[in-house]
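Just below is one structure, and these are the notes that go with it.
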Number of protein chains: 4
Amino acid sequence: MADLKQLKEDLVTANRILANQNVLDAFGHVSIRHPDNPQHFLMSRARAPNCVELDDIMEFTLEGKVVGPELGKPYSERFIHCAILEARPDIMSVVHNHSPNVVPFSVLKNQCFCAVMHMAAPIGRDVPNWDIRDKFGDATNLLVTDMETGRDLAKALGSRTVALMRGHGCVVVGRSLREAVFSSIYTEMNAQILYKALVMGEVTDLSDGEIAASTKGRAGFTWERGWENWCRSVNRTYYSQAWDMGPGFSRSDK
Amino acid sequence: MADLKQLKEDLVTANRILANQNVLDAFGHVSIRHPDNPQHFLMSRARAPNCVELDDIMEFTLEGKVVGPELGKPYSERFIHCAILEARPDIMSVVHNHSPNVVPFSVLKNQCFCAVMHMAAPIGRDVPNWDIRDKFGDATNLLVTDMETGRDLAKALGSRTVALMRGHGCVVVGRSLREAVFSSIYTEMNAQILYKALVMGEVTDLSDGEIAASTKGRAGFTWERGWENWCRSVNRTYYSQAWDMGPGFSRSDK
Amino acid sequence: MADLKQLKEDLVTANRILANQNVLDAFGHVSIRHPDNPQHFLMSRARAPNCVELDDIMEFTLEGKVVGPELGKPYSERFIHCAILEARPDIMSVVHNHSPNVVPFSVLKNQCFCAVMHMAAPIGRDVPNWDIRDKFGDATNLLVTDMETGRDLAKALGSRTVALMRGHGCVVVGRSLREAVFSSIYTEMNAQILYKALVMGEVTDLSDGEIAASTKGRAGFTWERGWENWCRSVNRTYYSQAWDMGPGFSRSDK
Amino acid sequence: MADLKQLKEDLVTANRILANQNVLDAFGHVSIRHPDNPQHFLMSRARAPNCVELDDIMEFTLEGKVVGPELGKPYSERFIHCAILEARPDIMSVVHNHSPNVVPFSVLKNQCFCAVMHMAAPIGRDVPNWDIRDKFGDATNLLVTDMETGRDLAKALGSRTVALMRGHGCVVVGRSLREAVFSSIYTEMNAQILYKALVMGEVTDLSDGEIAASTKGRAGFTWERGWENWCRSVNRTYYSQAWDMGPGFSRSDK
């Protein structure tokens, strides 16, 4: 149970970090799979990420039903998290955001978003741009508010890290909460860099081999370095998850 | 009377939020229709939005005359608010700003501002760009300082949410103060996104059906989520207007 | 003497404001003509604007000689201020900066900087881009470190408000310190707006008549509104110079 | 020994400044050659620059071996510093960063980064863009994690101040820590300015003569003015290194 409380604290921290880094504004959300029950996940009630507190964290089934006390209105788009966590047992955490440099790519007729910077390698080269119009017509409110729509988005995402959502934002997934936060921040950074490069000229993106090597070689201490830094920016207590980075750390840790 | 004091506090908060979000700088203003007298409205004396205090809020007629004590010089452009509140009984609040990503669209010969992101759907597809030159010649100071000019702007706005003002800024209206603040912030965000997309390639904007669905489906809790978030950014006490978003909220609230 | 101390405090405030508004970074400077001796002016010793204190303010002749105690090394580019204050008896204050959105215009072969937004009207339509190469060759360090170079720059400026300096920055002048600060901030804002508009399409600039009307019609209370706002941003005490903007203000004040 | 402690404090300050100026984010690093042993250098353990403390500073050989107590995991890319300090006895300090406006230039097929603003003159005109693919193939993780790769990068840098690293970032060197910090900040600023100019039109860069004059003429007090300013931004105590800039400074100091 102590672990669960720490996980909820981490989820609060993740909300604050993503708001502070301008990946989330008053909207968007981040979830984490329940550590003891992979069919459940944790997420805040419907509240702006920068306002989320420990007592806002609720538990949900993968169909979006509230488990236990209903602490407030749930996010209407929780089905994004349900459907992706259902489709991707390898994934522990999902972020949905309106990342301001990513959204412009989502409204381009010839979408061209791809990883150009090594920190963002896990984005890959064939980022899908899911358009709700394709299956649900051109008179929706663009929101993913049921399982059918969520599953269609999850299908577009496939086994990737990021899927854009036309005129809306994107989803970013991670094998841990820290990885999902990290990838969200560097997806936004990659978008800012790619945008500037594209308007100046022809661009060299990362090769498949570079993407594979960068993604495979990345270990817990990479997420950890970012996490410590961002905790400081939002005045949240940092604790080391993967290892002790300071005096006395164990060399066998990865 | 307690309500009126709360409304004035909200108006102060709105000024601070819009300054903090870079929608207003040292100039621009926000008004709210008087709750007991639709022929009057409330607005600060001529002061930078981030400096506005409760004691700066004055009452005006729809012709721009001060009602009650004249606490200071009124904004010379109060006629923007007069004329729009006169023409639009459905509207409770008006923002006039020099939104930095919106102004560039106002000086384009082929203006192309439209909603590309769902949060900004109420902007619509045919945003007018009111040019003071068309009726008042090319030797004005561009300011709207009388009813005739204000009414011409209100006519250009028509039944829409936003009208650009060439070389100047824009007006944004709302059915509530919170909606006007919300729409002002997402008009700026939409401009930033559309700008980046346009310089990269051909853009997909929101369809009429998407705009209608997004606008119609939006309820009080959407404005509320933004408002709580932005109150925190400017250290203003948040109180829930439409409902209680926390423990014990009533499901029948909208 | 009390006035002189207040003027020096204002000069400190101006330095802090321009740093806070990103018009000055660690470099650049702002001067004010001595109120009792138009052949002298006041400016900080060579120090980053955000660090300037009351005890850093020195007095100079229009040839750049220190008058009274030499409190520290003078700015090597003080000759910009000397030459412009010499050539322009109508001007009380000069700002030299590396305004980040203005510098890009200074390195364009077809420079096209002009006022597109009413707040920036005094910039005008034919902003010169002074290139030190034209008279002093292409092996200078680009700095204006003597009267000859300063006078050449002042000549390029002529009777205008702003002159760009190729690969360097710009100079902005005002009939008062507050006006010079105000015009510096809106020159930067105008540059940001014009840049975005130019990369999207063809641009409508302000007409000569609009520039004349906007410039002529602007009175002390306009500078005052900005000054109060910016003082708050840098935690400097605001006092009203031109009039009392609050309760009891005199209508006859301008 | 007192000097060494001060140098380590300076190194902490440099880390904080570069993070605060958005030159370093959670990654990147800055080194300084050991004052008593040019074959050794000082650098933090692997930690985000904004979190670096005095007790994180470790000593390394030019082959990247830890000297003395291993206070934590070293940066895996310390070989960038090793190889450049080995190849460049004239250099005392190296910064490796992912400077957000510089990276776009590193992914352009026709790289065109050069100095356009006098503050950034030491960048020069023929900035190399080192591509790890050229010698190490297109399936690396882009990181410089051994001496061979580091030496190849150092060779590309040659006698210059800056080398870009494709899809990764850049290296910036200085004859002192303050100069390396200064040049890093103005490399980022130059990139931002050049980017905006390039998308507007044809650009005038600095001439060889201007670069030589600007670089040669720059003395300690230039770095000092920036350093005092940036110390204040990160709440680090400033002390004057090259001279006393205030009352009583010695004119013979440079």
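The values are calculated or read from the model by the stated rules, or taken from the named source; none is laboratory data. The shown structure was predicted, so the numbers you read here are calculated from the model rather than taken from an experiment. All Cβ positions, glycine included, derive from the backbone under ideal geometry; neighbour counts span all protein chains shown. Note: areas computed on protein heavy atoms with side chains; ligands, DNA, RNA excluded. Shrake-Rupley method; radii C 1.70, N 1.55, O 1.52, S 1.80 Å.
If you place +1 on the Cβ of every Lys and Arg, -1 on the Cβ of every Asp and Glu, and leave all else neutral, what size is the dipole of segment C:1-102 about its Cα centre, to the nearest 20 Debye?
Here the size comes out at about 160 debye.
Run the label-point distances for A:Arg125 please: 7 Å along Cα to Cβ, every other copy, nanometres, shortest first.
Distances to the matching label points in the other copies: 3.7, 3.7, 5.3 nm.
Using a simple spin-label model with points 7 Å from Cα along the Cα→Cβ vector, what separation in nm is obtained for C:Gln6 and B:Gln39?
That separation, rounded to one decimal, is 4.5 nm.
Can you list the residues, at least 5 places off or on another chain, whose amide H is less than 5 Å from the amide H of A:Asp25, using H built in the peptide plane?
Residues meeting the amide H criterion: A:His98.
Taking Cα pairs under 8 Å and at least six residues apart, what relative contact order does segment A:52-168 come out at, in percent?
Computed value for segment A:52-168: 30 percent relative contact order.
Cα atoms only: what Rg and Dmax, in Å, come out for segment C:63-121?
That works out to 15.7, 46 Å for Rg and Dmax.
Anyone know which of A:Val94, A:Val103, A:Val199 comes out most mobile in the 10 Å Cα GNM of chain A?
Highest fluctuation of the listed residues: A:Val199.
Using the eigenvalues of the Cα gyration tensor, what equivalent ellipsoid semi-axes result for segment C:128-178 when each is taken as the square root of five times the eigenvalue, whole Å, largest first?
20, 11, 10
Per the helix-only calculation at 222 nm, which mean residue ellipticity applies to chain B, given -39500 (n - 2.57) for every DSSP H run of n ≥ 4 and division by its residues, nearest 500 deg cm²/dmol?
So the helix-based figure for chain B works out to -11500 deg cm²/dmol.
Among B:Val203, B:Val173, B:Val116, which one shows the biggest mean-square fluctuation in a GNM of chain B, springs joining Cα atoms closer than 10 Å?
Result for chain B, Cα springs under 10 Å: B:Val203 fluctuates most.
If one puts a single equal scatterer on every Cα of the protein assembly as shown and applies the Debye formula without solvent, what log₁₀ I(q)/I(0) results at q = 0.05, 0.08, 0.09 Å⁻¹?
-0.31, -0.84, -1.08
Given a cut-off of under 8 Å on Cα pairs at least six residues apart, what relative contact order in percent is computed for segment A:113-154?
25
Measure of size requested: the Rg and Dmax of segment B:87-177, with Cα atoms as the atom set and Å as the unit; please supply both.
12.8, 39
Size of the dipole of chain B about the Cα centre, Lys and Arg at +1 and Asp and Glu at -1 on the beta carbon, nothing else charged, in debye to 20?
240
Compute the separation of the alpha-carbon centres of segment B:98-116 and segment D:102-172 and state it in Å as a whole number.
37
Residues of segment C:76-124 that become at least 20 Å² less accessible with every protein chain present than in their own chain isolated, using 1.4 Å: which are they?
With the partner chains in place, segment C:76-124 has these residues losing at least 20 Å²: C:His98, C:Pro100, C:Asn101, C:Val103, C:Pro104, C:Val107, C:Leu108, C:Lys109, C:Val116, C:Met117, C:His118, C:Met119.
Among D:Tyr239, D:Ser207, D:Leu153, which residue has its Cα positioned farthest towards the positive end of the charge dipole of segment D:95-254, with +1 placed on the Cβ of Lys and Arg, -1 on the Cβ of Asp and Glu, and the dipole taken about the Cα centre?
Value: D:Tyr239.
Mind computing the radius of gyration and Dmax over the alpha-carbon atoms of chain D? Å is fine for both.
Here Rg and the maximum Cα pair distance are 17.7, 59 Å.
Which percent of the accessible area of segment B:64-122 is formed by carbon and sulfur heavy atoms (probe 1.4 angstrom)?
Here carbon and sulfur together make up 57 percent of the probe-accessible area.
Given the options B:Thr140, B:Asn22, B:Leu42, identify the residue whose Cα lies farthest towards the positive end of the charge dipole of chain B (+1 on Cβ of Lys, Arg; -1 on Cβ of Asp, Glu).
B:Asn22
Return the Rg/Rh ratio of segment B:29-153 with Cα-based radii and a Kirkwood Rh.
Looking at segment B:29-153, the ratio lands at 0.98.
Every other copy gets compared here: list the nm distances from the C:Asn22 label point (7 Å along Cα to Cβ) to its counterparts, shortest first, one decimal.
Taking the point 7 Å beyond Cα along Cα→Cβ, the inter-copy spacings are 0.6, 0.6, 0.8 nm.
Suppose accessible area is computed on protein heavy atoms with a 1.4 Å probe; arrange C:Arg151, B:Arg47 from highest to lowest.
My answer, sorted largest first, is C:Arg151, B:Arg47.
Mind checking which chain A residue has its Cβ closest to the axis relating A to C, and how many whole Å off it is?
Of all Cβ atoms in chain A, the one nearest the axis gives A:Val199, 4.
For the protein assembly as shown, what is the accessible area per residue in Å² when the probe is 1.4 Å?
Spelled out: the 1.4 Å probe surface of the protein assembly as shown, per residue, equals 35 Å².
To the nearest 20 debye, what is the magnitude of the charge dipole of segment C:102-151 about its Cα centre, counting +1 on the Cβ of each Lys and Arg and -1 on the Cβ of each Asp and Glu?
Rounded to the nearest 20 debye, it is 160 debye.
Would you work out the Kirkwood radius for segment B:107-254? I mean one over the mean of 1/r across all pairs of different Cα atoms, in Å.
17.2
Per residue, what volume in Å³ does the Cα convex hull of segment C:13-89 take up?
Roughly 89 Å³ of hull volume per residue.
Ordered shortest first, which distances in nm separate the 7 Å Cα→C-beta label point of B:Phe136 from those of the other copies?
In ascending order, 4.5, 4.5, 6.3 nm.
For the C and D pair, go ahead and give the buried accessible area with a 1.4 Å probe, both sides summed, in Å² to 100.
That pair hides around 3500 Å² of surface in total.
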